[in-house]
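To keep things clear, I will list the structure first and then write my remarks on it.
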Amino acid sequence: EEKTAMYAKCSGMVEFVSGCLTVSNVYTVKGDCDMGVGNIDFEGSVVISGNVISGLVIKATGSITIYGVVEGSEIISGGDIDLKRGIQGMDKGKLVSGGTVYAQFIERATVISGSDVIADSIIHSRVEAGASIKVSGKRGNIMGGNVKATSEITARVIGSVMNTLTE
């Protein structure tokens, strides 16, 4: 009655763009996701243009795209996780995806994917895929750690000449 409140019929990120109030199903972080931004729990997709610092939790019902490096954080997605760089998990980082996980590198992290894991390098990590693990590209190696897939595991090199245990 007083026209001092607005309500949306869907959940999302509220933005004021070009004089209009909109509700977007994509939450965008321009720059790094650090303590200033904090943890994210969003119904929809998340896009982060920078890095994700250690200790944060990013959750989304949709896909998550991160253009920087993920450091020791937890990324949980109902859809795909697309790391344009990769994750340095520091033995505490975790990726949980209902879809496919894409990354340049996965190092000292836990990855659980409902579908495929596609990476350039997997080092000292625990990786479980609901379908396949494909490691190709410049390095194409799986060194150390434990990898499991229901369909197939393909890589240019599996194991290490330094006798690092790779299961």
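Of note:
- Whichever residue in segment 47-63 is free of Cβ contacts under 8 Å to residues at least 24 places away in the same chain and closer than 19 Å to N25 by Cβ and, among such residues, is least open to solvent (accessible area, probe 1.4 Å): I48
- Residue list for segment 134-167, restricted to those being without any contact (Cβ under 8 Å) to a residue 24 or more places away in the chain, open to solvent by less than 30 Å² (accessible area, probe 1.4 Å) and on the phi < 0 side of the Ramachandran plot: V135, N141
- Per the conditions (1) of a type outside the set (D, E); (2) over 23 Å from G12 (Cα atoms); (3) out of contact with any Leu (no Cβ under 6 Å at 6 or more places or on another chain), the sole criterion not satisfied by V111 is (3).
- Evaluation of S11 against the conditions (1) more than 20 Å from E71 (Cα to Cα); (2) among the hydroxyl-bearing types (S, T, Y); (3) at pLDDT 85 or above shows that the sole unmet condition is (3).
- Any hit, segment 112-126, residues being open to solvent by 10 Å² or more (accessible area, probe 1.4 Å) and on the phi > 0 side of the Ramachandran plot: yes
- Residue match in segment 43-63 (condition: under 20 Å from G130 (Cβ atoms), touching a Leu at 6+ places or on another chain (Cβ under 9 Å) and among the small types (G, A, S)): no
- Qualifying residue in segment 22-41 (condition: buried (at least 16 other Cβ atoms within 10 Å of the Cβ), of a type outside the set (K, R) and closer than 20 Å to I112 by Cβ): yes
The values are calculated or read from the model by the stated rules, or taken from the named source; none is laboratory data. Bear in mind the structure is a predicted one, so any value in this text is a computation, not a measurement. Positions of Cβ are backbone-derived with ideal geometry, glycine not excepted, and every protein chain shown enters the neighbour counts. In case anyone asks, the SASA skips ligands and DNA or RNA and just uses the protein heavy atoms, side chains included. Shrake-Rupley method; radii C 1.70, N 1.55, O 1.52, S 1.80 Å.
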